[in-house]
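What follows is a single structure, written as structure tokens, with notes after it.
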Amino acid sequence: MEGEKKEKLLIIEDDRFIAKMYQTKLNLEGYDVEVAENGAVGVEKIKSFEPDLVLLDIIMPEMDGFGVLEAIRDDDAINSTPVVVMSNLAQEDHLKRAKALGAKDYIVKSQFTPMDVVKKIQEVLAR
């Protein structure tokens, strides 16, 4: 494990408490984690930080998660970045829209513990 490159994760989440909780948990799991507080900042951080995976909230100020997914899809430099949507919205149409825009998976926050999220990240990164 010594000298091995840590996998990089970007959390795009406007709720600071939730972002910090996941950042702490994922750091403990050995990931290099950065946080962006809204979608517009998140898209820029994807370009500069070059994460191995993005955890993306849907409801955010400035640019929502769907806008972020569209920006990722439309930018050849970052469109291969895997995204897992993490939202409180459990509606089927949100899930379908996120998947149509390229999300690899969709997590409803209230139904997943932080450890479940870690397992989902490991699953997506292994694909």
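The values are calculated or read from the model by the stated rules, or taken from the named source; none is laboratory data. Everything numeric in this text was worked out from a predicted model, so none of it was measured. Here the Cβ is made from the backbone with ideal geometry for all residues, glycine too, and neighbour counts use every protein chain on show.
Answer yes or no as to whether Glu4 is among the acidic types (Asp, Glu) and at pLDDT below 95.
Against the criterion (among the acidic types (Asp, Glu) and at pLDDT below 95), Glu4 qualifies.
In the stretch 110-119, is there at least one residue being assigned to a helix (DSSP H, G or I), in contact with a strand residue (DSSP E or B) (Cβ under 9 Å, 6 or more places away or on another chain) and either closer than 16 Å to Asp52 by Cβ or among the polar types (S, T, N, Q) (or both)?
Pass one, the stretch 110-119, residues assigned to a helix (DSSP H, G or I): 110-111, 114-119.
Among the residues that remain, those that are also in contact with a strand residue (DSSP E or B) (Cβ under 9 Å, 6 or more places away or on another chain) are: 116-117.
Still in the running and either closer than 16 Å to Asp52 by Cβ or among the polar types (S, T, N, Q) (or both): 117.
Yes, the stretch 110-119 has at least one match.
How about the stretch 60-105: which of its residues are closer than 21 Å to Leu9 by Cβ, among the aliphatic types (A, V, I, L, M), in a loop (DSSP other than H, G, I, E, B) and free of Cβ contacts under 8 Å to residues at least 40 places away in the same chain?
Listed by number, the residues that qualify are Met63, Ala77, Ile78, Leu101.
Of everything in the stretch 5-51, what is touching a residue at least 60 places away in the same chain (Cβ under 8 Å), assigned to a helix (DSSP H, G or I) and closer than 16 Å to Val83 by Cα? Give them in sequence order.
Scanning the stretch 5-51 gives Tyr22, Leu26.
What's the number of the condition Gly30 fails, among (1) buried (at least 22 other Cβ atoms within 10 Å of the Cβ); (2) small (Gly, Ala, Ser); (3) at positive phi?
All conditions pass for Gly30, except number (1).
Each row is one residue, and each column tells you yes or no for (1) over 14 Å from the mean Cα position of the chain (by Cα); (2) not hydroxyl-bearing (Ser, Thr, Tyr).
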{"residue": "Val68", "(1), (2)": "no, yes"}
{"residue": "Ile72", "(1), (2)": "no, yes"}
{"residue": "Ile78", "(1), (2)": "no, yes"}
{"residue": "Pro82", "(1), (2)": "no, yes"}
{"residue": "Met86", "(1), (2)": "no, yes"}
{"residue": "Lys96", "(1), (2)": "yes, yes"}
{"residue": "Ala103", "(1), (2)": "no, yes"}
{"residue": "Thr113", "(1), (2)": "yes, no"}
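In the stretch 35-60, what residues are surrounded by fewer than 16 Cβ atoms within 10 Å (Cβ to Cβ) and farther than 20 Å from Leu101 by Cα?
Selection gives Ser48 alone.
Collect the residues in the stretch 21-43 that are farther than 18 Å from Ile59 by Cα and charged (D, E, K, R), keeping them in residue-number order.
Correct list: Lys25, Glu29, Asp32, Glu34.
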